[in-house]
Amino acid sequence: MESIKDKVIVITGASSGMGAVTARRLAELGAKVVLAARRKDQLKTLVAELGDNAIYVKTDVSKRADLDNLIQQAIAKFGHVDVLWNNAGIMPISFFDEGLVDEWDRMIDINIKGVLYGINAVLPHMLQRGQGHILATSSVGGLKTSPGIGVYSGTKFAVRAIMDTLREEVAQTIKVTTIYPGATQSELGHDITSPKIKALYGNLTGMPKMDEDAIASAFIYAISQPGNIVVNDITLRPQGQTR
Ligand SMILES: NC(=O)c1ccc[n+]([C@@H]2O[C@H](COP(=O)([O-])OP(=O)(O)OC[C@H]3O[C@@H](n4cnc5c(N)ncnc54)[C@H](OP(=O)(O)O)[C@@H]3O)[C@@H](O)[C@H]2O)c1
C-alpha cells in the first residue's frame, strides 16, 4: 500500500456525512486536506479540529468558478493536488407525476455539473504533473433504478458514464475511481419534500445503513494502491440491502 501521508486531497461535500468522516480519517493519516461545501460554519469547525494540514474553501459545486477557485486555493496552499474527490450530492427524490421540476434541476446542477466542473478544474493541473487521482461518488442508484428515484438515479448513472469515459481518455496518466455506496448514515435526503416518498419511506431511518466510516475505508483503499494499480469501481452496501 502507498502512504497517504502528505498527499494533497480535495473533497467536495466535506461539511457532513461521508466527506466529513473521510476527511477526519485522512487527517489522522497525515494527509493535507482541502474541504469544500457551502456551509462555512461546519467546514470551519472541522478544520479547527483537524489542524494545520486542513483548509476549507466555501464552494457551491453548481458554480463552475467555485470549482476553479477551489483547485487554485488548494494549489496556492499546498503546491499541488494529488487527489480530487467529487463527492457533493443531494437527493430530494420524488415521483415524476409530482412535478417537482425545481428539485430535478438542483440534482442535475449539483450531482452532474458539480462532477464535471470538478474534473474540468483539476484535469489540466494533473495532466501537466503527469499524475493524479480523480474519484466521484455515484450510488447503487447509478447501477439500478426503481420507482421514486428516477432523476437522482439518472444523475448517478450520468456520474458513472462520465467517470468511465474519463478513465478511457486519461488512464495512461490519471487514476479514475467511482464509488457506488448503498444506504449510508448521513444527512442525505434531509431535503425530501415529496409527499409520496414521505408516505412510503418516512425519513428513511427504517432501512439498514452503513456507517460513514465504511465509505472512508473504501476511499482510503482506493487512494493507497501502488502506482501501477487502479481501483476502478467500488460498490458496497449494508448487509441486507439487495437493490
Ligand atoms: N448516504 C447514502 O445513503 C448515499 C448512498 C449513495 C450515494 N451517496 C452519495 O454520497 C455523496 C455524499 O453524501 P452523504 O451521504 O455524505 O450526504 P450528506 O451528509 O448530505 O453530504 C452531502 C454533502 O454535499 C454537500 N453539498 C450539497 N450540495 C452542494 C453544493 N451545491 N455545493 C457544494 N457542496 C454541496 C453538502 O454540503 P453543504 O450543504 O454544506 O453544501 C454535504 O457536505 C452524495 O453524492 C450522495 O449522493 C450517498
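The values are calculated or read from the model by the stated rules, or taken from the named source; none is laboratory data. Quick caveat, the model's predicted, so the values are computed rather than measured. All Cβ positions, glycine included, derive from the backbone under ideal geometry; neighbour counts span all protein chains shown.
Consider the stretch 192-216 and keep the residues that are in contact with a helix residue (DSSP H, G or I) (Cβ under 8 Å, 6 or more places away or on another chain) and of a type in the set (Gly, Ala, Ser). The one that is nearest to Ile4 (Cα to Cα) is Ala216. Right, Val140: more than 15 Å from the ligand (Cβ to nearest atom), under 16 Å from the mean Cα position of the chain (by Cα) and either modelled with pLDDT of 95 or more or at positive phi (or both) or not? Against the criterion (more than 15 Å from the ligand (Cβ to nearest atom), under 16 Å from the mean Cα position of the chain (by Cα) and either modelled with pLDDT of 95 or more or at positive phi (or both)), Val140 does not qualify. Count of the stretch 50-109 residues, restricted to those that are within 16 Å of Gly154 (Cβ to Cβ) and among the polar types (S, T, N, Q), is 1.
Scanning the stretch 121-144 for residues that are of a type in the set (A, V, I, L, M, F, W, C) and either in contact with a Ser or Thr (Cβ under 9 Å, 6 or more places away or on another chain) or part of a loop (DSSP other than H, G, I, E, B) (or both) yields Met126, Leu127, Ile134, Leu135, Ala136, Val140, Leu143.
Being in a helix (DSSP H, G or I), buried (at least 23 other Cβ atoms within 10 Å of the Cβ) and either in contact with a helix residue (DSSP H, G or I) (Cβ under 7 Å, 6 or more places away or on another chain) or at pLDDT 95 or above (or both) is a property that holds for Gly118. All of (1) free of Cβ contacts under 8 Å to residues at least 24 places away in the same chain; (2) surrounded by 15 or more Cβ atoms within 10 Å (Cβ to Cβ); (3) under 27 Å from Arg24 (Cα atoms) hold for Thr145 with one exception: (3).
Restricting attention to the stretch 164-196 and to residues that are assigned to a helix (DSSP H, G or I) and not aliphatic (A, V, I, L, M), the residue that is nearest to the ligand (Cβ to nearest atom) turns out to be Asp164. Does Leu127 qualify as being modelled with pLDDT of 95 or more and closer than 22 Å to Gly19 by Cα? Criteria not met by Leu127. Being in contact with a helix residue (DSSP H, G or I) (Cβ under 7 Å, 6 or more places away or on another chain) and in contact (Cβ under 8 Å) with a residue 40 or more places away in the chain holds for only one residue in Ile55, Ile71, and it is Ile71. Sub-7 Å Cβ pairs linking a first residue in the stretch 157-183 that is over 24 Å from Glu2 (Cα atoms) to a second residue that is of a type in the set (Lys, Arg) and within 16 Å of the ligand (Cβ to nearest atom), at least 6 apart or interchain, are Gly182/Arg237; Ala183/Lys209, ordered by first then second residue. Does at least one position in the stretch 46-69 carry a residue that is within 16 Å of Ile134 (Cα to Cα) and not aliphatic (A, V, I, L, M)? Scanning the stretch 46-69 turns up at least one residue that is within 16 Å of Ile134 (Cα to Cα) and not aliphatic (A, V, I, L, M).
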